[in-house]
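Here's the structure we're looking at; comments come further down.
Bear in mind these aren't lab numbers, they're just calculated from the coordinates by the rules spelled out. It should be emphasised that the depicted structure is a prediction, and the values quoted were computed from it without experimental measurement. Neighbour counts are summed over all protein chains in view; Cβ atoms, including those assigned to glycine, are modelled from backbone coordinates with ideal geometry.
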Amino acid sequence: MNIGVSAACIGYKWNKDPVNAPVNQLATHGDWEHCLEEGIGKTARARTKELLCVIRNLNLPGTAPNTAPRAAAAPAAESGGKKRKADASPTTTQSPGGRKTFDYTNEYRELKNHLACATHKGENCFVSPADGHHHRVDRYLTTLWAKEIVCQFFFARICLT
């Protein structure tokens with residue numbers, strides 16, 4: 001990593017940890033011992049996937065160390081474990097990692113209602129203007145179209161401003 005010993009601030013993360021899980025800091029010998037014990041325990045419970053310990057430089061942006069104490073349990077959710085409902089679902093949201101995510105549920109519902117076929121009950125169909133034949137549209141294609149509608153709207157709005 002080409003890091004000086006005095007400026008070194010490293011941490012570790014397991015390949016089975018969630019992507020947005022914080023990086024555990026390796027500052028003392030005790031932290032290293034805990035990392036080894038945790039790795040031995042995870043290896044003993046591993047079934048199929050190989051376990052990897054990824055060492056990271058915490059001085060880089062976006063790799064903040066885990067500052068929560070190890071023995072403390074995760075705090076209980078205030079809302080009784082239920083997911084919070086979004087109001088009016090905006091087109092773009094900011095994820096915890098700082099990346100933009102697109103919400104296309106409203107467009108998906110509108111498109112699904114628009115493609116509902118009276119001939120084929122419970123199916124979504126696209127009627128070709130060229131020949132008038134019904135072409136069934138599965139949910140994957142409907143999802144793709146809804147995503148394209150949102151992305152075209154979002155990028156057109158950026159280009160116009």
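General observations
- Structure note, pairs 16/147; 13/42; 121/147; 13/147: Cα-Cα distances above 21 angstrom occur for 16/147; 121/147; 13/147.
- Size-normalised alpha-carbon gyration radius of the stretch 10-57, reference 2.2 N^0.38 Å: 1.13
- Integer Hz, Karplus 6.51/-1.76/1.60 couplings in order for the stretch 27-43, x for Gly and Pro: 9, 10, 5, x, 5, 5, 4, 4, 4, 5, 4, 5, x, 5, x, 5, 5
- 14 Å beta-carbon shell around residue 51, net charge (K/R +1, D/E -1): +2
- Dipole check for the stretch 10-57: with +1 at the C-beta of Lys and Arg, -1 at the C-beta of Asp and Glu, and the Cα centre as origin, the magnitude is about 300 Debye.
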